[in-house]
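Chemist: Sharing a structure below in structure tokens format, with a few things to ask.
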Amino acid sequence: MAEQESPLERLVAAVKASARYRHVSAAFIARVGAQELAKRPNLKAAIKATKDRLHQVGGAYLEARPDYRAWLERLRATFRGNLDDLRPLSLEIMRAHASTRERLPILAEFYSSILGALPPVRSVLDVGCGLNPLALPWMPLAGGASYYACDIYEDLVAFVGEFLGLVGVSGGAWVCDVLGEVPQQKVDVALVLKLIPCLEQIDRAAGRRLLDGLNANHLVVSFPAQSLCGVRKGMPATYEARFHELMEGHDWQVRRLAFSSELAFLVSK
Ligand SMILES: C[S@@+](CC[C@H](N)C(=O)[O-])C[C@H]1O[C@@H](n2cnc3c(N)ncnc32)[C@H](O)[C@@H]1O
């Protein structure tokens with residue numbers, strides 16, 4: 001009954017009722033909502049603050065209503081057994097995610113210089129993946145490599161899972177909230193692309209917990225070189241300093257790779 005619902009349950013239900021956030025993991029909404037309710041007693045204000053936060057960490061990046069069904073139909077119609085068949089369509093789809101889109105001009109260079117420097121990559125975990133798994137045609141992976149991907153959006157990960165199945169790549173996609181739980185797949189490479197600034201807006205300790213906890217031989221950790229509106233505002237220097245703080249106390253090998261739109265670090269654990 002409505003009267004027995006806690007303020008947090010009412011907040012989650014209200015946020016889930018909005019078209020923009022109905023596919024966001026309820027556990028993630030509850031985590032953010034609990035923080036916002038703790039700051040103010042007013043439920044309406046906490047709902048608004050929660051939506052603002054969700055916008056900052058995910059909603060701002062995605063087109064309002066991605067048509068995943070139509071994309072899948074087109075992917076099915078285009079795929080002839082070779083990932084390269086999908087390049088033009090993958091590029092078109094990746095444009096729908098602002099963060100993934102920023103990488104498109106450097107896509108080939110990005111993956112060939114980072115993954116090409118490693119021994120054959122047989123498994124990848126893409127954390128907070130957005131639409132980045134659609135970049136598979138540009139990734140120099142070993143034949144038969146597995147790809148695992150997770151994000152807070154239920155509909156996005158369902159789409160990514162279908163995409164992986166369609167192209168015959170083993171692995172899978174699932175809903176995650178890495179603020180609460182670090183994925184434990186054992187992989188050659190974990191991609192942590194432009195995720196840490198999103199996590200640390202909500203929990204300052206989350207970046208360190210994630211990098212320490214991932215069960216990967218190599219991490220690719222990246223940061224945006226510009227904000228969504230294209231203004232630089234000294235971001236790369238701030239992010240680089242933060243990255244080095246996150247590496248303190250570890251004797252991991254770090255290689256820095258600067259691209260026009262992204263600053264990346266290849267970390268060998
Ligand atoms: C800046 S975008 C980066 C997307 C992708 N990694 C890329 O670089 O193309 C951040 C992504 O992380 C996801 N995200 C935010 N918070 C998350 C969390 N707590 N757990 C898992 N994913 C999260 C968002 O939904 C969004 O897709």
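Chemist: Give me the residue from the stretch 137-161 that is touching a residue at least 24 places away in the same chain (Cβ under 8 Å) and over 27 Å from ALA206 (Cβ atoms) and, out of that set, farthest from the ligand (Cβ to nearest atom). Write out each step before concluding.
Modeler: First, the residues of the stretch 137-161 that are touching a residue at least 24 places away in the same chain (Cβ under 8 Å): 137-141, 144-160.
Imposing the further condition that a residue be over 27 Å from ALA206 (Cβ atoms) reduces the set to 137-138, 140-141, 144-145.
Details: PRO137: 15, TRP138: 12, PRO140: 18, LEU141: 17, GLY144: 24, ALA145: 18 Å.
Only one residue fits best here, namely GLY144.
Chemist: While we're on this one: Is there any pair with a first residue in the stretch 186-210 that is closer than 30 Å to PRO140 by Cβ and of a type in the set (D, E, K, R) and a second that is more than 9 Å from the ligand (Cβ to nearest atom) and assigned to a loop (DSSP other than H, G, I, E, B) whose Cβ atoms are under 6 Å apart and which are 6 or more apart or on different chains, and what are they?
Modeler: Cβ pairs passing all conditions: LYS186/ASN215; ASP188/VAL121; ASP188/ARG122.
For (1) of a type in the set (Lys, Arg); (2) crowded, with 16+ Cβ neighbours inside 10 Å; (3) in contact with a Ser or Thr (Cβ under 6 Å, 6 or more places away or on another chain), each residue gets a yes or a no:
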| site | (1), (2), (3) |
| --- | --- |
| ALA17 | no, no, no |
| ARG20 | yes, no, no |
| HIS23 | no, yes, no |
| LYS39 | yes, no, no |
| LYS48 | yes, no, no |
| ARG65 | yes, no, no |
| TRP71 | no, yes, no |
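Chemist: So which strands (runs of 3 or more DSSP E) stay within the stretch 138-237 end to end and still have 1 or more residues that are of a type in the set (Asp, Glu) and at pLDDT 95 or above?
Modeler: Here the list reads 146-151, 187-193.
Chemist: Would you confirm whether or not the stretch 196-215 contains a residue that is among the basic types (Lys, Arg), on the phi > 0 side of the Ramachandran plot and not assigned by TED's automatic domain parsing to the domain that holds VAL15?
Modeler: Checked the stretch 196-215: no residue is among the basic types (Lys, Arg), on the phi > 0 side of the Ramachandran plot and not assigned by TED's automatic domain parsing to the domain that holds VAL15.
Chemist: With the checklist (1) away from the ligand (no atom under 13 Å from the Cβ); (2) touching a residue at least 60 places away in the same chain (Cβ under 8 Å) in hand, flag the one item SER25 doesn't pass.
Modeler: The number of the failed condition is (1).
The values are calculated or read from the model by the stated rules, or taken from the named source; none is laboratory data. A quick note: this is a predicted structure, and the numbers were derived from the prediction, not measured. Because the Cβ atoms are built from the backbone with ideal geometry, glycine has one as well, and the counts that use them run over all protein chains shown.
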